1. Two decimals, Cα atoms only, Kirkwood Rh: what is Rg/Rh over the stretch 2-83?
2. Given the convex hull over the Cα atoms of the stretch 108-332, what projected area results after averaging over all orientations, in nm²?
3. Please give the helix 26-37 orientation as an angle from the longest Cα principal axis of the chain, in degrees from 0 to 90, rounded to the nearest 10.
4. So what is the calculated 222 nm ellipticity per residue for the chain, using -39500 (n - 2.57) for each DSSP H run with n of 4 or more, over all residues, to the nearest 500 deg cm²/dmol?
5. Given the options 285, 273, 66, which has the most mean-square fluctuation in a GNM of the chain, springs set between C-alpha atoms less than 10 angstrom apart?
6. Would you kindly calculate the translational diffusion coefficient of the stretch 28-73, applying Stokes-Einstein with the Kirkwood radius from alpha carbon pairs, for 25 °C and a viscosity of 0.890 mPa s, and quote it in µm² s⁻¹ without decimals?
7. Take peptides 224-235, 132-143 and line them up by average Cβ neighbours within 10 Å, highest first, as a rough protection proxy.
8. With N set to the number of residues, divide the alpha-carbon radius of gyration of the stretch 1-149 by 2.2 N^0.38 Å and report two decimals.
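Taken together, the values in this text are just the output of simple stated rules run on the coordinates, not laboratory data. Keep in mind that what you see is a predicted model, and the values were worked out from it rather than measured. Glycine also receives a Cβ, built like all others from the backbone with ideal geometry; neighbour counts cover every protein chain displayed.
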Ligand code: FA5
């Protein structure tokens with residue numbers, strides 16, 4: 001009789017083993033536990049048989065039953081840990097494909113700026129920055145643009161009114177990144193080789209190539225013996241590296257109070273089939289050196305300031321500056 005019971009227990013264990021390997025959810029673990037271990041399950045009934053077998057084999061059967069109960073419980077617990085708690089309510093179908101999430105991309109202006117920066121850093125320039133709210137001195141006066149000088153009209157300025165400011169001080173939103181030139185020359189002696197990217201503000205109307213808030217990157221190189229040839233060489237190397245060797249550029253004479261002589265660099269803009277002004281540049285006016293305490297007999301330098309939007313427009317053939325600020329994902333995801 002004991003033999004028959006032990007055989008049955010062996011068969012039960014075998015069946016349980018086959019079922020448990022197929023279990024793939026917390027609910028299935030629970031179903032198996034009920035099938036085998038619940039009060040009316042397949043296993044507990046064998047404990048009743050302890051009273052039916054002869055006394056001398058009772059310990060043997062008791063030990064077998066205890067072992068098998070421990071085995072079933074351990075196997076079920078291990079699976080339970082694997083699948084977690086039983087879920088009630090609607091079942092989750094893990095094989096369904098998920099809801100795709102759109103990945104963000106870097107804004108084309110930032111991408112362009114990163115590329116511009118890495119080109120100039122490779123040429124030995126370091127990166128500086130300055131405040132957006134500037135003092136009239138840094139934005140204009142130290143750049144040889146005195147009050148009431150007609151050249152102030154070249155950049156329509158947004159002035160800040162603040163009663164806390166000291167008498168006589170005028171604050172404004174910087175109209176260009178050139179004040180960073182002034183700040184750098186005041187704190188650092190030549191040789192100076194810096195670029196300074198950042199946001200600038202003007203009372204300009206928004207159109208296809210102008211925005212009242214846009215970005216510039218300033219460049220300044222001051223040392224002994226710097227010439228206009230260095231300026232042209234650096235800017236040409238930069239434009240070719242960024243926009244390709246076949247890029248068409250031209251230098252045009254221009255006027256800025258803080259550079260003498262001054263020029264503008266245009267690039268051919270295929271998207272519009274015309275030239276587009278990219279930057280202003282020139283040799284630092286000795287009057288600026290004199291104001292900032294740099295020996296203008298010993299040192300010369302060049303400076304430039306370019307519109308980052310204009311560079312990105314040329315690089316990616318974008319024909320309207322307004323795309324940069326609309327935040328339309330159909331535009332942004334192309335970069
Ligand atoms: C200046 O701002 C000078 N500070 C540049 C400079 C620096 C000259 C150092 C010499 C030495 P300008 O106003 O031309 O120059 O502006 C420079 C560039 O900014 C332009 O060539 C153009 O690319 C861009 N830019 C000017 N106005 C706007 C605007 N409203 N929207 C977008 N880009 C603009």
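1. 1.02
2. That works out to 13.0 nm².
3. That helix lies at roughly 10 degrees to the long axis.
4. Value at 222 nm, helices only, nearest 500: -11500 deg cm²/dmol.
5. 66
6. Value of D from the Cα-based Kirkwood radius: 217 µm²/s.
7. 132-143, 224-235
8. Working it through for the stretch 1-149, the quotient is 2.56.
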